[in-house]
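Worksheet: the structure to be examined is printed underneath.
The values are calculated or read from the model by the stated rules, or taken from the named source; none is laboratory data. No experiment lies behind these values; they were computed from the predicted model shown. Neighbour counts are summed over all protein chains in view; Cβ atoms, including those assigned to glycine, are modelled from backbone coordinates with ideal geometry.
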Amino acid sequence: MTVIEVGREERGQLTLRQRWSHYLVLVYALTMLIVGVNLRDSLLYATVPYEDVRAGIRAFYPQGWLLDNQGDYVFRVRDMRRTDFKTTIQVQILPVSADSTTRNLLDNLLLTRAQIFGQYRQFPRAIFQLPDETPATSVNYTFVASQDDPFLESFPTVVAGQDVVILQREQAVIITFQASADEYDTLYPVFQTFLADLEF
Amino acid sequence: MTTTSRLITPPQEDEIYPYRRAWFSIAVESGILFVVTVAMFVTFRLLGVRFTPFIEQIVNLSVVLLPLVLWGVFSLRRELSVPLPRARLLMVLVVTGLAANAVGLPIADNIFQVDRWLPLADAPVRVVGYIITLGSLQEIIKYLVVRYATFPELLRIRADSVAYSAASAIGYAVIVNLRFALDTNTDPGTLALESFATFAFHLVASVIVAYGLSELRFSAPSPLLLPVMVVAAAVIHGAAIPIHAGLTNAGFSLAGSFTNPVFGLIMAVGLLVSIGSTMAFLFQRAEIAAQEARAESERAP
């Protein structure tokens, strides 16, 4: 009995040279993917060191952000390239009495901010752990911000923020992250990187 | 009396070329697209003609889909009228378009996130970054589609790789332009310039990869030739994106801020003509070398 195979397309056999060429292109593709992601991270999450010996703080803030240490905080950095709300990371140190609790501090923050920010809303507080396993408390909130310059005629921006509060040695360290609510999740890794490198 | 013989040499029957001439189709499509682009630029940018937003949206979609229509008329339709048509031309175009939409653009947006860091980087970093990310990504996707759809059995002559690579380039360029047209509120004149530049960069880079594929199919080059051609295509395509943007975008001066769209158009045309003719020469040289080698082997005892 003879078996006749019908309908099978005859495929050309690849030579060893052709195979290796194809494999090399695949290696190139994989290499470029890894190098591309690495290049992205090195530029997107590039940092600049900052040290305040008096406050005992050492940090790495995102490259290209505007540093400001003239206010009632240790330092504040803002991404001035943003057209809506300028993404902000701020470190503040407040002296507290020995019997002060985190709750007192956060209540005080709530009262202060409710007067400064429009439509300020706070979410439930949560236990937070810094990358070096220091225990802390975090609170998330939202408010509505508008451009300082009224001639820009822009719509207000909904801002999402997070305060991380650490009580130690009769002082409270308040680390704040604020970003446009639309971009909050995208930009949060910047804050996580900042927290991972922060020393106080 | 002398008589002169009046013999007439019988006409030789022209040998019918059984394939569609891919280079001719590419030249015609590019030429028509260039003319339409210039006409759109003059009409909408220089003369300032404006329509209602709805009609402009329709004009924008027509501009973006024009390369596809031209390809259908001058490549696909002509392919059907030759004795030996290329079988998977439409498939390559459609699959490349789908791959661009399903793989290329999501990787560019979500993994490389080029819009977040590349436009703001320094010029050298910007060029290198675009080569590594968008240039490589786009050329590899187009290469993979052509490679798995056609190689090696559907590459019967060298020009086959040009025809299939051009189809993949148009498939990818149309998707990129379609997204640009739908995501931005651009006037048809600007869109035509942008669309032509994307078309030119994709076509030029794909023809470079086509040379690597055809050499690998019909000659015995080093295994490094094809990867080098893919890298060259990625470098040219990747570098062309920021350079074109730099030429086109407005620069600040004491006189004000003006865009230079003509510079971008000149660059796109220059790249298309210079690299296109160089690659056509290399293809022709490879074909002549192959014919000479064949004749030599036939003469040998």
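From the list A:Leu67, A:Leu39, A:Leu30, A:Leu44, pick out the single residue that is modelled with pLDDT of 90 or more and within 9 Å of chain B (Cβ to nearest Cβ).
Numbers: A:Leu67 fails: within 9 Å of chain B (Cβ to nearest Cβ); A:Leu30 fails: within 9 Å of chain B (Cβ to nearest Cβ); A:Leu44 fails: modelled with pLDDT of 90 or more.
Exactly one of A:Leu67, A:Leu39, A:Leu30, A:Leu44 is modelled with pLDDT of 90 or more and within 9 Å of chain B (Cβ to nearest Cβ), namely A:Leu39.
Could you please find all residues in the stretch B:27-65 being touching a residue at least 60 places away in the same chain (Cβ under 8 Å), hydroxyl-bearing (Ser, Thr, Tyr) and farther than 28 Å from B:Ala159 by Cα?
Residue satisfying the conditions is B:Thr43 alone.
Assess whether A:Phe123 counts as being crowded, with 16+ Cβ neighbours inside 10 Å and either touching a Phe, Trp or Tyr at 6+ places or on another chain (Cβ under 8 Å) or modelled with pLDDT of 85 or more (or both).
Spelling it out, it is not the case that A:Phe123 is crowded, with 16+ Cβ neighbours inside 10 Å and either touching a Phe, Trp or Tyr at 6+ places or on another chain (Cβ under 8 Å) or modelled with pLDDT of 85 or more (or both).
Counting only residues that are at the interface with another protein chain (Cβ under 7 Å from one of its Cβ atoms) and of a type in the set (Gly, Ala, Ser), how many does the stretch B:97-136 have?
3
Which of the strands (runs of 3 or more DSSP E) found entirely inside the stretch A:59-100 contain at least 1 residues meeting this: of a type in the set (Phe, Trp, Tyr)?
Working: elements: A:66-68, A:75-78, A:88-95.
Per the criteria, A:75-78.
Going through A:Asp84, A:Asp79, A:Asp52 one at a time, which residue ends up being of a type in the set (D, E, K, R), closer than 30 Å to A:Thr157 by Cα and over 16 Å from the mean Cα position of the chain (by Cα)?
So the residue among A:Asp84, A:Asp79, A:Asp52 that is of a type in the set (D, E, K, R), closer than 30 Å to A:Thr157 by Cα and over 16 Å from the mean Cα position of the chain (by Cα) is A:Asp84.
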